[in-house]
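Student: I have a structure here, written as C-alpha cells, and I will follow up with some questions on it.
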Amino acid sequence: MARASAALGLASAAASAAPAVPAPRVSARVSRLLLRNVPLFATLSDSQVEVLTQVIQRRSFRRGASIIRSGESASSLHVIVSGMVQVVVSDRHGAEVILDILKPGDYFGEMGLIDDLPPSATVTARESCEILILAKNDFTTCLRENGNLAVALQRGLVKRLRGANSKIGSLALLDVHGRVARALLDMSTTVDGQQVVNKLSKQDLAKLIGASREMVSRVLGNLQAQGHIEMSRSAIILKKTSPG
C-alpha cells in the first residue's frame, strides 16, 4: 500500500447489450511498411511480410463497436494500429469490470487461437480504431515458420500474466487510495517530460480498480488537494512530489 501511494505521492465500458453500430469498414491491402512498424511482426522475413500483406485485413471500428464478444466464436489475431480498445467482463446484472485498456501496437485474440476456446471477455473500441486482423490458419502458418514470432507471443502472454498478478495483488492488499495510485502510474505515458493519463474518465477508473465512482472521485480530489496530481477535462498529470 505504502509503495503505490508513495510512488504517486501520491474509460466508459461498452456493455454487451450495447446498441448496434455500423459494420466495420474493410480497407485495401495492407502495406509492408505498416506491418514492419508493428512490434509483433518485426522479426518476420521479407518474404513472410509479403505473404502477410496478402492475407491480413485492416478494419476500421467506430467508438463503442464490439470487436470481440465474450462467449462467441473468435478465430483471429487482432493488432491495434491506431486508437484504443478496452477488455471488459460483465455479469448478468450488467455490472462491468475493465480488465485492460490496449493501445496501438498491442494485440488481442491470441489466446483463443492457442486453446480453441471462445473469448472470456468482450473487447470494444474506446474511440475510432484501425485494427489488423489475421485469420487463424494464416496465424498458425506464420507461427510455424517463424520461431521469433512464437517467442514474442510468449513474452506478451507472460506480460499479461504478470499484469493480472499485479492487479490481483492490488485488489487484495491495497486500499482504494493505493489502487487509484497504482492504476494512474500504470496508465500514464510521458508527454513533454510529464507523466500524463489521457482519456480516462472517473467511471472507467472505477471499473479498472473495482471501486465506486464516488470513492474514486473522493480519492482524486484528495490527491489533487495534496498537490500529487493535476486534473483537466481530458487528462490527469502526475506530479513528482512526496506525501507530507
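Student: Please go through the range 54-101 and give me each residue that is outside any strand (DSSP E or B) and among the hydroxyl-bearing types (S, T, Y), ordered by number.
Tutor: Passing the criteria: S70, S73, S75.
Student: Just one of (1) outside any loop (DSSP other than H, G, I, E, B); (2) crowded, with 16+ Cβ neighbours inside 10 Å trips up A211, so point out which.
Tutor: Exception for A211: condition (1).
Student: Going by the conditions given, is L171 surrounded by fewer than 16 Cβ atoms within 10 Å (Cβ to Cβ), of a type outside the set (G, A, S) and assigned by TED's automatic domain parsing to the domain that holds K207?
Tutor: Considered against the rule, which asks whether it is surrounded by fewer than 16 Cβ atoms within 10 Å (Cβ to Cβ), of a type outside the set (G, A, S) and assigned by TED's automatic domain parsing to the domain that holds K207, L171 comes out as yes.
Student: Is the range 70-79 home to any residue that is touching a Ser or Thr at 6+ places or on another chain (Cβ under 6 Å), more than 30 Å from G221 (Cα to Cα), surrounded by 14 or more Cβ atoms within 10 Å (Cβ to Cβ) and modelled with pLDDT of 85 or more?
Tutor: Checked the range 70-79: at least one residue is touching a Ser or Thr at 6+ places or on another chain (Cβ under 6 Å), more than 30 Å from G221 (Cα to Cα), surrounded by 14 or more Cβ atoms within 10 Å (Cβ to Cβ) and modelled with pLDDT of 85 or more.
Student: In the range 128-170, which residues are small (G, A, S) and either in a helix (DSSP H, G or I) or closer than 14 Å to L113 by Cβ (or both)?
Tutor: A135, G147, A150, A152, G156, G163, A164, S166, G169, S170, listed by residue number.
Student: Is the range 109-116 home to any residue that is in contact with a strand residue (DSSP E or B) (Cβ under 9 Å, 6 or more places away or on another chain), surrounded by 17 or more Cβ atoms within 10 Å (Cβ to Cβ), more than 20 Å from I68 (Cα to Cα) and of a type in the set (A, V, I, L, M)?
Tutor: Checked against the condition, which is being in contact with a strand residue (DSSP E or B) (Cβ under 9 Å, 6 or more places away or on another chain), surrounded by 17 or more Cβ atoms within 10 Å (Cβ to Cβ), more than 20 Å from I68 (Cα to Cα) and of a type in the set (A, V, I, L, M), the range 109-116 yields no hits at all.
Student: Out of I67, I133, which single residue is more than 29 Å from V180 (Cα to Cα), surrounded by 12 or more Cβ atoms within 10 Å (Cβ to Cβ), out of contact with any helix residue (DSSP H, G or I) (no Cβ under 7 Å at 6 or more places or on another chain) and modelled with pLDDT of 90 or more?
Tutor: Just one listed residue meets the conditions, I133.
The values are calculated or read from the model by the stated rules, or taken from the named source; none is laboratory data. Given the structure is predicted, the values throughout are model-derived calculations rather than measurements. Reconstructed Cβ throughout: ideal geometry from the backbone, glycine too, with neighbour counts over all protein chains shown.
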